[in-house]
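**Student:** What follows is a single structure, and I will ask about it in a moment.
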Amino acid sequence: MPQTPGADPRPLTGEPLALDLLNTRWIDAEGRHDLLETVEGLAVWLAGPAVRERTGPGVPADATTLARLLRTRAALDTLVVREESATPEAAEALNGVLAHGHVRRSLGTDGLPHTRVELEDANWAPAWHAADSWLELLADRPGRIRPCANDACILHFYDISKNGTRRWCSMSGCGNRAKAQRHYARRTGA
């Protein structure tokens, strides 16, 4: 019987799948963390809503799935900083992941369009869907893909605020720390 994964320890969840994959690494008071260092961490990530919503159940939490996800995350790491360090190799790496699946569209007998993703095997599902999620974000509002404004934070988010001015991965974490630092600097004259 498969073991139930533990709780997700990450400080930021609920982002679109591509950014959720990037956010499997974070920094807190205890140091740097990487949820995808182990297959157990992979199982926690696969059980999350961002993944299950796109891939459904049944994705194996094994070394093959993990290797494919790490490959995708490495490409996204480079692509998320488009102007400064994106390379043709990063685009090629992401396209290599996308080559392992495709979207099949058809007209159903009910007269409605149907869309189905077909993959080489289930181990490609999380990596392929994360790469596809990245393309969707770029097609929608690429300027809304942002890193947290806290220089000590490595998380990313998709700004869905009405006016598009979100700066922090979370107001309760990085946002409050920044406000407290500004307040302290004003009070001490630093």
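The values are calculated or read from the model by the stated rules, or taken from the named source; none is laboratory data. All values reported here derive from a predicted model rather than from experimental measurement. As a convention, Cβ positions derive from the backbone with ideal geometry for all residues, glycine included, and neighbour counts pool all protein chains shown. These accessible areas exclude ligands, DNA and RNA; they are computed on the full protein's heavy atoms, side chains included. Shrake-Rupley method; radii C 1.70, N 1.55, O 1.52, S 1.80 Å.
**Student:** Open to solvent by 50 Å² or more (accessible area, probe 1.4 Å), more than 23 Å from Ala93 (Cα to Cα), in contact (Cβ under 8 Å) with a residue 60 or more places away in the chain and in a loop (DSSP other than H, G, I, E, B): does that describe Pro57?
**Tutor:** For Pro57, the condition - open to solvent by 50 Å² or more (accessible area, probe 1.4 Å), more than 23 Å from Ala93 (Cα to Cα), in contact (Cβ under 8 Å) with a residue 60 or more places away in the chain and in a loop (DSSP other than H, G, I, E, B) - is not met.
**Student:** Continuing with the same structure: Limited to the range 29-47, what total is found for residues that are open to solvent by less than 80 Å² (accessible area, probe 1.4 Å) and either part of a helix (DSSP H, G or I) or in contact with a Pro (Cβ under 9 Å, 6 or more places away or on another chain) (or both)?
**Tutor:** Here the count works out to 11.
**Student:** Same structure, new question: It is to be established whether one or more residues within the range 76-85 are open to solvent by less than 60 Å² (accessible area, probe 1.4 Å), part of a helix (DSSP H, G or I) and within 27 Å of Pro5 (Cβ to Cβ).
**Tutor:** Scanning the range 76-85, I find at least one residue that is open to solvent by less than 60 Å² (accessible area, probe 1.4 Å), part of a helix (DSSP H, G or I) and within 27 Å of Pro5 (Cβ to Cβ), so the answer is yes.
**Student:** Something else about it: Give me a count of the residues in the range 1-28 that are within 15 Å of Leu155 (Cβ to Cβ) and either open to solvent by 60 Å² or more (accessible area, probe 1.4 Å) or in contact with a strand residue (DSSP E or B) (Cβ under 9 Å, 6 or more places away or on another chain) (or both).
**Tutor:** Residues flagged as within 15 Å of Leu155 (Cβ to Cβ) and either open to solvent by 60 Å² or more (accessible area, probe 1.4 Å) or in contact with a strand residue (DSSP E or B) (Cβ under 9 Å, 6 or more places away or on another chain) (or both) within the range 1-28 amount to 17.
**Student:** Based on what the data block shows, is Lys179 open to solvent by 60 Å² or more (accessible area, probe 1.4 Å), over 19 Å from Arg10 (Cβ atoms) and modelled with pLDDT of 90 or more?
**Tutor:** Working: open to solvent by 60 Å² or more (accessible area, probe 1.4 Å): yes; over 19 Å from Arg10 (Cβ atoms): yes; modelled with pLDDT of 90 or more: no.
In short, no.
**Student:** Next question, about the same structure. Those residues that are touching a residue at least 40 places away in the same chain (Cβ under 8 Å), surrounded by 10 or more Cβ atoms within 10 Å (Cβ to Cβ) and over 16 Å from Leu79 (Cα atoms), I need them from the range 138-163; list them, please.
**Tutor:** Within the range 138-163, just Cys153 meets the criteria.
**Student:** Pick from the range 86-129 the residues that are in contact (Cβ under 8 Å) with a residue 60 or more places away in the chain and either among the polar types (S, T, N, Q) or surrounded by fewer than 17 Cβ atoms within 10 Å (Cβ to Cβ) (or both): which of them is nearest to Thr55 (Cα to Cα)? So that I can check it myself, show each step before the final result.
**Tutor:** Of the range 86-129, the ones in contact (Cβ under 8 Å) with a residue 60 or more places away in the chain are 122-123, 125-127, 129.
From the residues that got through so far, the ones that are either among the polar types (S, T, N, Q) or surrounded by fewer than 17 Cβ atoms within 10 Å (Cβ to Cβ) (or both) too are 122-123.
Working: Ala122: 9, Asn123: 10 Å.
Residue satisfying both the conditions and the ranking: Ala122.
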